[in-house]
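To keep things clear, I will list the structure first and then write my remarks on it.
Quick note: the coordinates plus some simple rules give every number you see, no bench work behind them. The model shown is predicted, which means the values in this text are computed figures rather than measured ones. Reconstructed Cβ throughout: ideal geometry from the backbone, glycine too, with neighbour counts over all protein chains shown.
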Amino acid sequence: MIHGRGGALTAAVVVLAAITWSLRARAALDPSGRPLRVVLFSVTSDDPLAGRIDAELRALGFEVSRAAIAPEIDIEALVSRVLAAGARAAVVADGHRTDVWIAEDGTARVALRQELEVDETSGLQSVLALRTVEFLRISMGVGAPPIAPLPPPPPPVSAPTPPPRATRSGWLAVDAASGVLTSVGRVGPLAIAGANLRAGLGGLFGIELFAYAPLTNGTLSDGADQIRTSVWMAGGGLLFAPPPEGTWAWEAAVGTMAFILRSTGIAGSATVGDDQGVGLAVYGHGAARLRLASRWSLRVDVMGGGSFRRPVLVFANGDSARWGTAFAAALGGAEMRF
């Protein structure tokens with residue numbers, strides 16, 4: 001324990017000396033109190049690596065002199081001259097590498113030399129700058145700058161649990177469509193229009209029911225005789241409809257259908273026959289949907305199938321209307337979902 005005025009004065013001198021040594025180390029001063037001088041060379045004056053090293057050295061209290069040099073210059077001779085002129089260290093920064101020379105204290109003789117380099121495309125130039133400055137600081141006995149206390153870590157925050165993904169338990173849709181129907185029989189392409197009702201059963205599956213009526217008649221001509229034929233269709237089947245993930249979606253279905261073939265035969269101005277027949281077929285269809293709003297979509301459907309009961313209508317004059325064993329239809333329309 002120190003007593004009296006003499007003891008207090010001694011303690012003050014000790015504290016003041018410690019503070020002076022700490023500030024001197026942090027300010028990068030030489031024994032005479034002058035800032036340690038570092039000469040920083042770069043090929044271009046705006047080299048980013050050299051700029052970062054310059055800023056870090058000045059923050060530590062070094063006196064930095066910048067100079068641009070030509071690539072073909074004799075670096076070692078240039079370094080010897082600047083060390084002889086009083087610089088304590090010299091640094092050459094070249095984009096992704098640094099070359100450091102440190103003179104022995106009080107002389108121009110090189111005591112340490114260090115080359116540091118990173119890959120040119122690695123993006124680690126800032127790390128290279130810090131490593132170069134740290135090598136200079138430690139090698140030249142300069143104290144580290146005061147480190148601000150780290151703030152306390154924030155309390156852990158648990159990530160919110162995402163809501164469970166909604167699954168379609170059921171849905172209902174209706175669409176109106178029109179298009180062209182054709183078969184491989186004598187009945188030519190016909191324009192048709194109709195409606196389709198679809199219902200989701202949950203998951204990927206659903207059912208559909210549809211009915212289509214003719215907009216035009218197919219006409220077969222043989223001299224003065226004509227046969228005008230129209231087709232009505234109705235059916236239903238199993239629907240495969242994955243939940244739509246975006247603007248576009250698709251569906252597919254298979255099922256059975258019935259169709260009514262109705263024909264009228266005309267010879268000149270006289271009607272020579274009016275008959276109809278019922279056929280049965282299996283069908284399959286695929287559809288693409290373009291969603292325009294939450295409930296409204298545009299649809300394009302392609303349907304095809306084969307008849308296992310095919311109607312053939314024969315008139316009194318021997319003419320006939322035959323529905324083919326295979327048929328196809330292309331349809332487009334609009335859909336609303338509930």
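With a Förster radius of 45 Å applied to the C-beta separation of R291 and T216, the computed FRET efficiency comes to 0.90. The 3J(HN,Hα) values that the Karplus relation (6.51, -1.76, 1.60; θ = phi - 60°) gives for the stretch 306-314 are, in residue order, x, 8, 9, 9, 10, x, 10, 9, 10 Hz. Gly and Pro appear as x. Peptide packing for 47-58, 124-135, 108-119 was compared via the average number of neighbouring C-beta atoms within 10 Å per residue; ordered from the highest value, the list is 47-58, 124-135, 108-119. Relative contact order for the stretch 27-148: 25 percent, from Cα pairs under 8 Å spaced at least 6 residues apart, divided by residue count.
Sequence-ordered 3J(HN,Hα) estimates for the stretch 170-182 from the Karplus curve with 6.51, -1.76 and 1.60 and θ = phi - 60° stand at x, 7, 9, 9, 9, 9, 10, 8, 9, x, 10, 10, 8 Hz, glycine and proline given as x. Using only the Cα atoms of the stretch 19-139, each taken as one equal point scatterer with no solvent, compute I(q) by the Debye sum, divide by I(0), and report log10 of the ratio at q = 0.11, 0.15, 0.16 Å⁻¹. Result of the Debye calculation: -0.34, -0.64, -0.73.
In percent, rounded to a whole number, the relative contact order of the stretch 172-337 is 24, using alpha-carbon pairs under 8 Å and six or more apart.
Simple spin-label estimate for S126 and R109 gives 4.1 nm between the two label positions (7 Å along the Cα-to-Cβ direction from each Cα). Computed 3J(HN,Hα) for the stretch 52-62, one whole-Hz value per residue from the Karplus formula 6.51 cos²θ - 1.76 cosθ + 1.60 where θ = phi - 60°, is 5, 5, 4, 5, 5, 5, 5, 5, 7, x, 6, glycine and proline marked x.
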